[in-house]
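A short write-up of the structure that comes next.
The values are calculated or read from the model by the stated rules, or taken from the named source; none is laboratory data. Everything numeric here is computed off the predicted structure, so don't read it as measured data. Heads up, the Cβs are rebuilt from the backbone with ideal geometry, glycines too, and the neighbour counts pull from every protein chain shown. The accessibility values were calculated without ligands, DNA or RNA, using every heavy atom of the protein model including side chains. Shrake-Rupley method; radii C 1.70, N 1.55, O 1.52, S 1.80 Å.
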Amino acid sequence: MARTWKPGCGLAALLLAFACTQAMADQLTVVSSGGFAAALKLLAPRFEQETGHQLKLEWGPSMGDTPQAIPQRLARGEKIDVLVMVGSALDQLQAQGRVVADSNTPLAASRIALAVKHGCPQPDISTLAALKQTLLNSHSIAYSDSASGVFLSTVLFSRLGVAEQIKDRSRMIPAEPVGKVVARGEAELGFQQLSELIPVAGIDIVGLLPEQAQQVTTFSAGISRDSGHPAAARQLLRFLASPQVAASIRQTGMTPVSTSAQ
């Protein structure tokens, strides 16, 4: 006996399939430090389209005592699925049992750059000697409260022999992009990860620090111990670490780990 096709059946099947897909989709809360923020904003819509999962993006420093800092948010019990932050800081959270051990995934390497307010003269930082003289000649210096700023204030300035001379005109900027401080004219020189300076309007990026003065920071992702959606979180980690997104990460001023060894 021939089967009779009913016009409504095909539509009903499609609606049922769509409903099942929606039921399996999760919303992931992702907290990222500023270094990987531009890349995450660029890649989030693509992940959502490919998987059906939704991402709730929030931001906070990898370290420090500000309320927005990722360790502080975890300490007060915020429900977070995925953390994207400076690799060494993520390692510490993993050691404390706050991150699923086998989820720690390196994503990209970042370097420190210098910015000045748009239209202002660009100082010479092409060599160690030039960078030292630029620091000594400056009126005010700003740097971040995360990995790059800690390196500058505790290592590089002392290594260059200028720590004492510039201490009264240097300041750490908590929980705000350094580029915004420079754009407002509140600091003559602003140091931060290149990926954090690129999105800021009103500044000119002078360039990367010379290699002898550089610190390469790896940004990594991990799954929070308290994640309610661990399977979807692993999907996101695999996506962010895949070669398919390397070009987008590179576009934001970082070197993707998936291609850095090639």
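Under 15 Å from a label point set 7 Å out along the Cα-to-Cβ vector of Ser126, the amide N atoms of segment 194-210 belong to 206-210.
Per residue, the accessible area of segment 19-148 comes to 44 Å², computed with a 1.4 Å probe over protein heavy atoms only. Positive end of the dipole of the chain (Cβ unit charges, origin at the Cα centre): among Ala69, Val257, Pro243, the Cα lying farthest that way belongs to Pro243.
Residues in segment 196-262 average 46 Å² of solvent-accessible surface per residue, probe 1.4 Å, ligands and nucleic acids excluded.
Between Gln27 and His139, the contour length at 0.36 nm per residue exceeds the Cα-Cα span by 35.6 nm.
Of all aspartates and glutamates in the structure, the ones whose alpha carbon falls short of 20 Å from that of Lys180, not counting any fewer than 8 places away in one chain, are Glu58, Asp145, Glu188, Glu196, Asp204.
Carbon and sulfur: what percent of segment 191-236's accessible surface (1.4 Å probe)?
Numbers: 890 of 1770 Å².
Carbon plus sulfur share of accessible area: 50 percent.
A Förster radius of 45 Å, combined with the Cβ-Cβ distance separating Leu42 from Asp168, puts the computed FRET efficiency at roughly 0.70. A Cβ-based charge dipole, computed about the Cα centre of segment 153-213 with Lys and Arg at +1 and Asp and Glu at -1, lands at about 120 debye. The value obtained for the chain, namely the Cα convex hull volume divided by the number of residues, is 172 Å³ per residue. Paramagnetic label reach from Ala201 (point 7 Å along Cα→Cβ; backbone nitrogen cut-off under 20 Å): within segment 98-127, residues 115-120. When both segment 185-262 and segment 23-86 are represented by their alpha-carbon centers, they are found 14 Å apart.
Between Gln49 and Thr154, full extension at 0.36 nm per residue minus the direct alpha carbon distance yields a gain of 33.5 nm. Phi angles across segment 125-136 convert, under the Karplus curve 6.51 cos²θ - 1.76 cosθ + 1.60 with θ = phi - 60°, into 3J(HN,Hα) values of 10, 6, 9, 4, 5, 5, 4, 4, 5, 4, 5, 5 Hz, Gly and Pro given as x. Share of carbon and sulfur in the accessible area of segment 125-190 stands at 52%, probe radius 1.4 Å.
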